[in-house]
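Beneath this line is the structure, given in structure tokens, with notes to follow.
Here, each number is a calculation from the coordinates, and none is a lab measurement. Computed from a prediction, not measured in an experiment: that's the story for all the values here. Quick reminder, even Gly has a Cβ in these numbers, built from the backbone with ideal geometry, and neighbours come from all protein chains shown.
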Amino acid sequence: MIVADNKSKKIVQSHDFDAVTCTIDAEDMRYVASLLRNNYSNTQLAVIREISANAVDANTEAKSKRKIEISIPSKLNTNFCVRDFGNGLSQEDVFGLYSKYGKSTKRNSNDYVGFFGIGRFSPLAYGDNFTCVSYHGGLKSSYNIFVDEHDDTKIVKLHEEPTNEPTGLEVQVAISESDIESFRDNCKKFFKFFSDKDMPKFKGIDNLIVKPKVILEGKDGDWFFTEQESSYNYYARSYEKAKVIMGRVAYPLDASSINVKNYVQDDRQIKVIESVLEESNFHLRVPLGCVKLHHSREALEYNKPTQKFIVQRMVEVMQEVKAIASEKLSDSKDLYEAKANYARIINSLPHTLQRAFEGSFEWQGIKIDSFGFSRPYGMTDTLILTETTRENDSDARNGFRVRSSKTTRINCRDDGLFIIQDISSSHGNNLRARTLFNEDENLQVVYFINALTDDAQATIDNEWHFDKISDKYIRYTSKVVKEKPDYSGVRKSNGSRAHIPLFEMRQDGNGYRNIDYWKSVNDDIATLQENDEKIEGSVNGKLVYIPIKNYKIDYDDYALEQVYNIAKRIRKRAEEDSEEKSFRLIGVRTSDVSKLDSDSWINLFDFLADSCKQYLQDHIDNAKDSYKEFLVESSKYIANLRCSRKQLEPLFNNAKFPLNKLNDDHLIVRNKRDYQIAVLNDNSRECTYCINYINSKRVKNGAKWLEFHLDCGFDAEQFVSEILSITKQYPLLKVMHDSVCSYRTEQETFDDWIDYILLCDNN
């Protein structure tokens with residue numbers, strides 16, 4: 001595996017001391033051999049790795065063009081078999097070379113995976129014996145390798161016969177029936193990083209190996225990021241780690257064992273490299289012999305040359321990532337495509353790497369730091385942005401519904417369009433969106449952009465550089481015809497709309513009877529839906545409704561008073577002079593709801609979801625803080641965190657603690673603000689309400705929406721784990737609460753506690 005350094009060592013002695021060379025006595029050999037056989041934590045994976053690697057080496061040595069062949073154990077054949085097409089072994093080789101622990105012919109070359117000379121005995125770590133069949137010199141010879149009752153390793157020749165089979169070696173290991181599934185899983189884990197050239201031929205089974213999906217890789221494939229296969233486990237750091245791939249074998253990379261600061265001077269670069277090395281979906285391919293392995297070949301040995309090599313390669317990886325990203329942006333035909341390509345690049349990276357390259361990309365002199373355009377602060381009323389989406393629904397007209405909501409940003413998506421509002425009225429924009437959705441089945445979102453002032457228009461022209469966006473992605477409302485709804489079919493199946501009674505929920509308080517909540521609406525459904533003018537009490541061209549039956553809300557889990565309070569809450573938090581401030585809530589009998597056109601009506605709970613989303617986007621900083629609290633409350637370790645709150649709260653919430661004595665990256669300092677936000681819960685109640693509602697079962701894909709719009713790179717599980725680790729690192733903090741929670745507590749006491757923390761850090 002790694003060619004040993006043959007450095008001449010010059011020893012200087014002042015006297016002729018008595019000396020002896022250390023060896024192993026024959027009677028102790030069985031004990032040493034046992035140690036070597038049983039040094040694997042995963043014996044199944046060890047068998048697969050060691051035997052397969054030896055087979056590949058045999059093919060390499062013989063320059064064989066055939067692939068090694070592997071039989072995966074099954075209920076019909078429980079043997080794991082690996083067949084190579086190397087030179088095979090004579091009886092002399094088997095009883096001589098093959099029988100020797102630590103004997104290897106591969107130490108003088110980095111062309112081979114093997115090195116230590118103990119891997120061939122790995123089957124004895126799983127079971128008491130295995131079979132080796134050698135095809136050599138026109139003979140097929142079978143040997144049994146086993147551990148006898150004295151714990152000695154022995155080889156017995158079983159049979160020999162003439163053969164016309166190609167030369168090579170076949171190792172056969174009997175697998176317990178109960179281990180068949182786990183053995184197959186270990187095969188999938190081990191071989192998924194083999195190239196197509198080196199991938200073995202699996203006999204009796206197809207499509208066993210599913211290679212991970214690569215989302216970003218170097219030009220030569222010597223590093224890559226894959227899709228995440230499982231969540232990171234903070235308490236079991238070996239569960240999922242970054243990998244170093246050498247000689248087709250993937251070794252877990254222990255980031256804590258690499259001192260990046262010894263080889264890199266730039267603080268930001270240090271943090272990026274350290275973070276990437278902790279990403280479980282990062283893989284680094286290295287040539288044979290570049291890093292040192294533990295003799296079990298399950299892990300790396302982190303000596304200085306190994307650390308230095310990995311860090312140097314990581315510096316190169318960071319440079320390559322930036323170069324690849326810049327190249328992809330430079331190929332963009334316009335600004336819209338540049339931002340869309342930026343999104344694909346950034347979204348393929350872990351959060352740590354995303355932050356590392358913020359502000360570093362340009363297209364034709366324009367800085368690209370997002371995949372869309374955000375409305376500047378203070379232009380809420382002058383630059384109106386509306387997101388209109390297609391929502392597939394087989395029961396709706398043309399198979400989809402159109403939903404619209406105000407937004408604070410517009411995104412450059414492959415399945416999106418921008419529409420400039422160049423006419424005075426926005427009424428009917430949903431119908432315009434329908435026209436475009438009907439024309440292009442791949443179109444999923446349309447953003448309406450309405451600049452009401454010269455400053456707002458200047459933002460579009462000069463700051464957003466809309467002149468750099470091709471006509472392919474921009475339309476104008478004056479050029480898009482509104483789709484004309486066809487009500488005839490509904491009238492035939494459901495009767496006339498002309499005399500359907502509608503009721504409006506009163507805004508001036510409730511009553512004693514159900515009917516007291518409502519007042520009659522004079523207009524009928526047909527009139528309201530076909531009116532081309534803005535309807536009083538509508539929002540974004542739609543009236544808000546709620547199904548009712550006998551003047552009650554026709555939802556089992558909602559009473560009249562609850563719905564009344566929901567509507568009141570929406571109006572209360574709405575901005576002055578907004579449509580939400582004065583919206584009407586229309587009660588429609590359940591039997592008549594199917595007669596409503598989705599382009600003219602919106603259910604209260606869908607309206608509430610849109611309102612909550614808009615509120616969160618308008619108060620994005622507070623929303624992200626509240627989202628942190630939500631994530632922490634959802635943590636599986638939240639119960640443990642609550643138990644430790646009394647112990648730790650003074651540390652994070654008492655200004656008398658001189659935390660400035662601790663480094664900025666100290667465990668306590670770096671978690672202080674998140675603790676105050678996510679645990680002490682000093683957040684916006686309205687944001688919390690909105691987040692909880694969007695996450696409820698009433699909102700389709702609500703959790704995904706929250707993750708996309710409010711994600712700030714906050715890992716709740718890791719945060720909780722780090723907080724819980726504080727009392728483990730500083731055990732006396734468990735009794736700190738009672739000593740510092742009095743207003744009479746002297747400053748000296750707080751200083752002493754910080755000194756205690758520093759003392760623990762230095763030991």
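Points worth noting:
- With a simple spin-label model that places each label point 7 Å from the Cα along the Cα-to-Cβ direction, the separation between Cys22 and Lys367 comes to 6.0 nm.
- Calculated over the chain, the projected area of the Cα convex hull averaged across directions stands at 49.5 nm².
- Surrounding net charge for Ile419, when Lys and Arg each add one and Asp and Glu each subtract one, Cβ distance under 12 Å: +1
- Each of Lys656 and Asn681 was given a label point 7 Å from its Cα along the Cα-to-Cβ line. The distance between the two points is 2.6 nm.
- Angle between the chain longest axis and helix 620-633 axis [Cα atoms, degrees, rounded to 10]: 50
- Note on Asn144 and Asp557: the model spin-label points, each 7 Å out from Cα along the C-beta direction, lie 6.6 nm apart.
- In plain terms, the bigger the Kirkwood radius, the slower the diffusion; for the range 366-450, with that radius from Cα pairs, at 10 °C and 1.306 mPa s, Stokes-Einstein puts D at 115 µm²/s.
- Segment His737-Thr749, length gained on full extension (0.36 nm per residue, minus Cα span): 3.2 nm
- Helix content alone sets the calculated 222 nm mean residue ellipticity of the chain: runs of n ≥ 4 DSSP H residues at -39500 (n - 2.57) each, divided across all residues, give -10500 deg cm²/dmol.
- With R₀ fixed at 41 Å, the C-beta to C-beta distance from Ile638 to Lys479 puts the FRET efficiency at about 0.15.
- Computed from Cα atoms, the angle from the helix 638-653 axis to the main principal axis of the chain rounds to 80 degrees.
- Using only alpha-carbon positions in the range 496-617, the gyration tensor eigenvalues give semi-axes of 21, 19, 13 Å once each is multiplied by 5 and square-rooted (largest first).
- Between Asn164 and Glu177, residue separation times 0.36 nm minus the direct Cα-Cα distance comes to 1.4 nm.
- Cα-based helix-to-principal-axis angle, 429-439 vs the chain, degrees rounded to 10: 50
- By the count of other C-beta atoms within 10 Å, a proxy for reagent exposure, Trp601, Trp705 are ordered fewest to most as Trp705, Trp601.
- Prolate/oblate/rounded label for the range 214-327 (Cα gyration tensor, a/c 1.5): rounded
- Here Met246, Met379 are placed in order of increasing Cβ neighbour count within 10 Å, fewest first, which gives Met379, Met246.
- Among the GluC sites (Glu not before Pro) in the range 694-763, those placed in a DSSP loop whose Cβ has at most 12 other Cβ atoms within 10 Å are Glu746.
- At R0 = 25 Å, FRET efficiency that the Cβ-Cβ distance of Asp206 and Asn42 yields, to 0.05: 0.45
- Between Asp185 and Lys672, the FRET efficiency from the beta-carbon distance, with R0 = 35 Å, is close to 0.25.
- Partners for Lys367 among lysines (Cα-Cα distance below 21 Å; same-chain residues under 8 apart left out): Lys322, Lys328, Lys333, Lys339, Lys468
- For the residue pairs Lys241/Lys308; Lys188/Lys261; Lys213/Lys704; Lys406/Lys472; Lys213/Lys624, the alpha carbons lie more than 27 Å apart in Lys188/Lys261; Lys213/Lys624.
- Within a straight-line Cα-Cα reach of under 13 Å, Lys482 can be paired with the following aspartates and glutamates, leaving aside sequence neighbours fewer than 8 residues apart in one chain: Glu439, Glu530, Asp532, Asp599.
- The range 610-652: trypsin sites (Lys or Arg not before Pro) falling in loop per DSSP and having at most 12 other Cβ within 10 Å: Lys636
- Partners for Lys219 among aspartates and glutamates (Cα-Cα distance below 13 Å; same-chain residues under 8 apart left out): Glu316, Glu320, Glu327
- Length added when fully stretched, Asn522-Asn259, from 0.36 nm per residue minus Cα-Cα: 87.1 nm
- In the range 567-614, the GluC sites (Glu not before Pro) that fall in loop regions by DSSP, at most 15 other Cβ within 10 Å: Glu575, Glu576
- When each of Glu217, Glu463 is scored by the number of other beta-carbon atoms lying within 10 Å, the sequence from fewest to most is Glu463, Glu217.
- Backbone N under 20 Å from the Asn763 label point (7 Å along Cα→Cβ), restricted to the range 719-745: 725-737
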